[in-house]
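Enquirer: Take a look at this one; I'll ask things after.
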Amino acid sequence: MNGHEHDNPGKGLAIAGESLFLLNLLFPVLPLLALGVLYFRHRNTANLLVECHLKQPWITALFSTALFLLINLVAALSGGYNSLENLVSIHSLVALEVYTLLVILPLTVPGLLGLTKAMAGQCYRYPLLGRFL
C-alpha cells in the first residue's frame with residue numbers, strides 16, 4: 001500500500017464500480033450483480049467519491065441491462081431464438097446491432113470518463129443520467 005491510498009480511501013471502490021459498469025455493457029447481468037453488491041454494501045458511506053462512482057454506475061447499469069433484456073425479448077417474440085439451431089438468426093443479429101448502437105456506444109464514453117476520474121480520485125457526473133441522481 002502506497003501513500004496515495006491514504007489520501008483517498010474510497011478510490012479502489014470507485015474504480016471497481018466504474019469497471020463493473022463497463023463490464024456490464026459487454027456482459028450484461030453478472031457484473032450488474034457484483035455492482036449491486038458493492039452499491040448496497042456502501043450506499044450509506046460518507047465518502048463522496050464512493051457515492052459518486054457507485055450510485056451512477058449502478059443506476060445506469062440497471063438501465064442498460066433493462067434495455068438489453070427488452071431488445072432480446074422483442075427479438076425472441078418476433079421469431080428469433082426459436083431453437084438452438086436457429087440461435088443466430090436475423091432477429092438475434094438485429095438485436096445485437098441495436099443493443100450495440102443504442103446502449104454500448106453511447107454509454108461507453110461516460111463509463112470510460114468515470115473510470116478515468118475514479119483512477120484520479122475525482123468525482124464525475126454522467127452527462128445525462130447523472131443530472132437526475
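Enquirer: Kindly indicate whether any position in the stretch 16-35 is of a type in the set (D, E, K, R), surrounded by 12 or more Cβ atoms within 10 Å (Cβ to Cβ), in a helix (DSSP H, G or I) and at pLDDT 95 or above. Spell out how you get there, then give the answer.
Expert: Applying the first criterion (of a type in the set (D, E, K, R)) to the stretch 16-35 yields 18.
After this cut, where a residue has to be surrounded by 12 or more Cβ atoms within 10 Å (Cβ to Cβ) as well, the list is 18.
From what's left, in a helix (DSSP H, G or I): 18.
Retained after the next criterion (residues that are at pLDDT 95 or above): 18.
Yes: the stretch 16-35 contains one or more residues that are of a type in the set (D, E, K, R), surrounded by 12 or more Cβ atoms within 10 Å (Cβ to Cβ), in a helix (DSSP H, G or I) and at pLDDT 95 or above.
Enquirer: Let me ask something else. Could you tell me which numbered condition S92 fails, if it satisfies all but one of (1) within 18 Å of G10 (Cβ to Cβ); (2) modelled with pLDDT under 85; (3) among the polar types (S, T, N, Q)?
Expert: Unmet condition: (1).
Enquirer: Still on this model: Give the number of residues within the stretch 89-130 that are buried (at least 17 other Cβ atoms within 10 Å of the Cβ), under 17 Å from the mean Cα position of the chain (by Cα) and of a type in the set (S, T, Y).
Expert: Total satisfying the criteria: 3.
The values are calculated or read from the model by the stated rules, or taken from the named source; none is laboratory data. Note that the coordinates shown come from a computational prediction; the quantities given were computed from them, not determined experimentally. FYI the Cβ positions are ideal-geometry reconstructions off the backbone, even for glycines, and counts take in every protein chain you see.
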